[in-house]
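Q: Let me give you the structure first, and then I'll get to my questions.
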Amino acid sequence: MLRIKRFLPLVLLVGCNEHGRTPDPWGAPITGGTITVTRDGSRAIVSDPDRDRLLAVDLASGTVAGELALQPGDQPGRVIEDSAGRIQVALRHGGALLTLDGSLNIIARRAVCPEPRGLAYDASADTVHIACAGGELVTYAAAGGDLPVRQIRLDRDLRDVIVSGTQLIVTRFRTAEILTLDANGAVINRTFPPTVPRFDSGSFGGLPPEGGDGQTGTINAAASVAWRTIAMPDGRLVMSHQRKVKTKLDSEQPGGYGGDCGGGPVEDAVTVIAPGLAPQAVAQIGNGALPVDIAASPAGDKLAVVVAGSKSVKVVPSSALALPDEDKCEPPPPPCDDPNAPTTPDGRGDCDDDDDDDEDRLGAPTSVAFTPTGDLVIFYPEAPALVVRAAAGPLATRIDLTGDRGIDAGRAVFHTQTRIGLACASCHPEGRDDGLVWDFAQFGTRRTQSLAGHILQRAPYHWAGDEASLPVLMDDVFAQRMSGGILSDEQKRALGPWLDRVPAPVVTATADADTIARGKAVFESPEAACVSCHNGELMSNKQLVNVGTGGTFKVPSLLGLADRAPFMHTGCAPTLAARFTSACGGGDAHGVTSTLTAQQVSDLVAYLESL
C-alpha cells in the first residue's frame, strides 16, 4: 500500500504568503529524463534541476544515501551510469559534463558547450557522447581527462544521442529529425517520424461528416518536439514526441484552439525506429500533453511514458508498439488532480486506482526509470519524492526526498493541460518555442514566439502587440482559446515572474571573431539602420513597424536569435541569410540592406548568430 500524505491540488496551494505577496518563483521548465537506476538496482540517481542538486537514493531502505549541491543555475539534466559505475551528468545551464563516483564524489567537471542535452555511454571505447543545443557533439573519456576525444559540429538543436553498434543516432528537439552518424562522425542518413493522416474540419475542430468517406478534411499531421528517444533491449529506438495536428486556429472563438471531440492543435505521439527500416508511427500511449520521458523495462516487455501535462504516467505492454497509429476522436483525460480523473485498475496506469494512493497529488512527474527487476521508479520534483511501482501487482511505495515542497502557480499553469489536451509548454517547450508556423482564421500565418529571455520587459505581446500584458494574454489565450478556464489573480501574477527566470539561449558562435566583428560593424552602421529598431538590452525598441511583410509587427528581441529558425512572423525565412531576400521583407524595408555585398551579408549573419 502506498502511504502518501494527502495534499490539496497544487493550484489551490499557491497564493499569497503571510506577507500578502506572491511567493518567489520556484522551479525550472520541465525537460524530462533526469533519473537513472544503477545496473545493480540498488540506487536511483536523481538529477534535480529545480534545486540544482544530485541525489543518490537507496531503493531498498527508501532513504537518501547521498546528496550533492551543485552551483546555482547548473540545472542538471540527463544522467547515466557507465560500465565502471561512474555517474555522468549533463549540466544544461552549467555547460559541463560532471563525472562522479557512485557516492556522488566529483571526479571531473569538464566544459562541453553552452547547453549540453543528450548523453550516451559507449562501452566499446569507454567514452561519453554529449549532444548540445548549439549543434556540438562532443566525446570525452568516461574516466576523466581535460581534452575531448572528438568534437563534431552538426545542426543546431540537438537533443538525445544513442549508441547503436558502430553508429550514433542523434535527434533534434523541435523538428524531431533523426540523424545517423557513422564511426567517423559523418551524417549518413537523415529522416523524420512519418506524417500521419488526421481529420481536421477547419478553424476549431469538429467531427467527420456522417456517411462520408472519412477523408474529407484529412490533413497530414507532422512530427515536432522530440522530448525523449531511448533504445529498447532489442535495438529498436522509441521516440516520445509531439505532432502538429490542426491546419487552422481561431483566435476569437471560445475554445478556438480545440475541437468538438476535444482535440487541440498538438497531440502526443510515439515513433519506432528499427535498424534498416523507415520510422513507423504507432499507437499513442500518453493521450495527453507533454510526453516528456519514456522508459523501457529491462526485459523489454513494458513501456512507461510520463505525461507531465496530465500529471500521469502511462504503462503499457511493449506489444503496443505493434499497434497502428489511429485517428481517434476522443478528448484526453483530465489531469490526475481533477476529481473526474479516470482510474485504471488494468495496469495501464492513467491515475492511481486506490483511494489511499495519492500519487496524483504529488505534482507533475517528470522522469521514469525501471529497475533490473522491472519495478518502475517515478520522480515527482514538486513533492519532492520518488514513487516505486512494483513490477507485479498494485503495490507502490513512496520515498520522500530531502528539501522543501516546490510550489509555483506560474510553473503549474504553464505545464498543466487544458480540456483540449494542450499546455502552454506544448507550443513553448522549456519556455522557448516549437519552431512551428500556425495558420489563424483571422490574420493568417504566425510563427510561435519564444518566451525565453526577459519576458517581463517585452510587453506588449504577440507579433502584432495586441496583448497588453501577460494577465491579459492569459485571459485571452489560456482561458478562452485553450479552454483552460478562469485563472485566479495569484496564478496570473505568478506566471510572469516565473517565466522571467527562463533565460534566452546562450548560443554557440560558429564564425571566427574577426568575421563577427565585421558583422557587428555592419549592424551598427548608420547606413544599414539595423540599430534604429534593434537596440537596448533586448536589442528591440518594442515598437510596431512595417518591414515590408504586409502589416505592422512588433520588433522582436535578437537575443538567442540563432536558435529560433525559421525567422520572421510568418516563418518565411528558413535561415537568417534567407531573411535578406525581397520575398521576406528584405531590401530597404527591413533595414537598408539592398546595397550590402554578399560578404557583408555573410558577416552580418555571423554576428546575428552570435547574439
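The values are calculated or read from the model by the stated rules, or taken from the named source; none is laboratory data. A quick note: this is a predicted structure, and the numbers were derived from the prediction, not measured. Here Cβ is always computed from backbone atoms with ideal geometry, including for glycine, and neighbour counts include all displayed protein chains. The area values use the complete protein model at the heavy-atom level, side chains included, leaving out ligands, DNA and RNA. Shrake-Rupley method; radii C 1.70, N 1.55, O 1.52, S 1.80 Å.
Q: So which pairs qualify, if the first residue must be in the stretch 184-198 and open to solvent by 80 Å² or more (accessible area, probe 1.4 Å), the second must be among the aliphatic types (A, V, I, L, M) and part of a loop (DSSP other than H, G, I, E, B), the Cβ gap must be under 7 Å, and the two must be at least 6 apart or on different chains?
A: Partner pairs satisfying both residue conditions: 192/176.
Q: Still on this model: Just give me the residues in the stretch 374-411 being small (Gly, Ala, Ser) and either under 29 Å from residue 302 (Cα atoms) or surrounded by fewer than 23 Cβ atoms within 10 Å (Cβ to Cβ) (or both), in sequence order.
A: 374, 383, 385, 390, 391, 392, 393, 396, 403, 406
Q: With a cut-off of at least 1 residues that are touching a Gly at 6+ places or on another chain (Cβ under 6 Å) and of a type outside the set (Ser, Thr, Tyr), name the strands (runs of 3 or more DSSP E) lying wholly within the stretch 128-186.
A: By residue number, 150-153, 158-164.
Q: If you take the residues in the stretch 483-510 that are at pLDDT 90 or above and hydrophobic (A, V, I, L, M, F, W, C), which one is farthest from residue 421 (Cα to Cα)?
A: Looking at residues that are at pLDDT 90 or above and hydrophobic (A, V, I, L, M, F, W, C), I get 504.
Q: For the stretch 277-313: of the residues being within 15 Å of residue 267 (Cβ to Cβ), out of contact with any helix residue (DSSP H, G or I) (no Cβ under 6 Å at 6 or more places or on another chain) and surrounded by fewer than 24 Cβ atoms within 10 Å (Cβ to Cβ), which is modelled with the highest pLDDT?
A: Looking at the filtered set, the residue picked out is 281.
Q: Another question about this same structure. Considering only helices (runs of 4 or more DSSP H) fully contained in the stretch 468-552, which possess at least 3 residues that are touching a residue at least 40 places away in the same chain (Cβ under 8 Å)?
A: 489-499, 513-524
Q: A further question on this structure: Any residue in the stretch 159-174 that's at pLDDT 95 or above: show its pairings with residues that are open to solvent by 40 Å² or more (accessible area, probe 1.4 Å) and among the hydroxyl-bearing types (Ser, Thr, Tyr) at Cβ separation under 8 Å, as long as the two are six or more apart or on different chains.
A: Hits for this filter: 163/121.
Q: Look through the stretch 224-234, keep the residues that are open to solvent by 30 Å² or more (accessible area, probe 1.4 Å) and outside any strand (DSSP E or B), and return whichever of them is nearest to residue 35 (Cα to Cα).
A: 233
Q: Just wondering, is there one or more residues in the stretch 556-565 that are open to solvent by 60 Å² or more (accessible area, probe 1.4 Å) and modelled with pLDDT of 90 or more?
A: The answer is no; no qualifying residue exists.
Q: Going by the conditions given, is residue 477 among the hydrophobic types (A, V, I, L, M, F, W, C) and within 22 Å of residue 258 (Cβ to Cβ)?
A: yes
Q: Please give the strands (runs of 3 or more DSSP E) falling wholly within the stretch 57-118 in which 2 or more residues are touching a residue at least 40 places away in the same chain (Cβ under 8 Å) and open to solvent by less than 10 Å² (accessible area, probe 1.4 Å).
A: Here the list reads 76-81, 87-91, 96-100.
Q: So which residues in the stretch 536-552 are under 20 Å from residue 580 (Cβ atoms) and modelled with pLDDT of 90 or more?
A: Matches in the stretch 536-552: 539, 540, 545, 546.
Q: What tally of residues in the stretch 588-608 results from selecting those that are in a loop (DSSP other than H, G, I, E, B), touching a Gly at 6+ places or on another chain (Cβ under 7 Å) and in contact (Cβ under 8 Å) with a residue 12 or more places away in the chain?
A: Within the stretch 588-608, residues that are in a loop (DSSP other than H, G, I, E, B), touching a Gly at 6+ places or on another chain (Cβ under 7 Å) and in contact (Cβ under 8 Å) with a residue 12 or more places away in the chain number 3.
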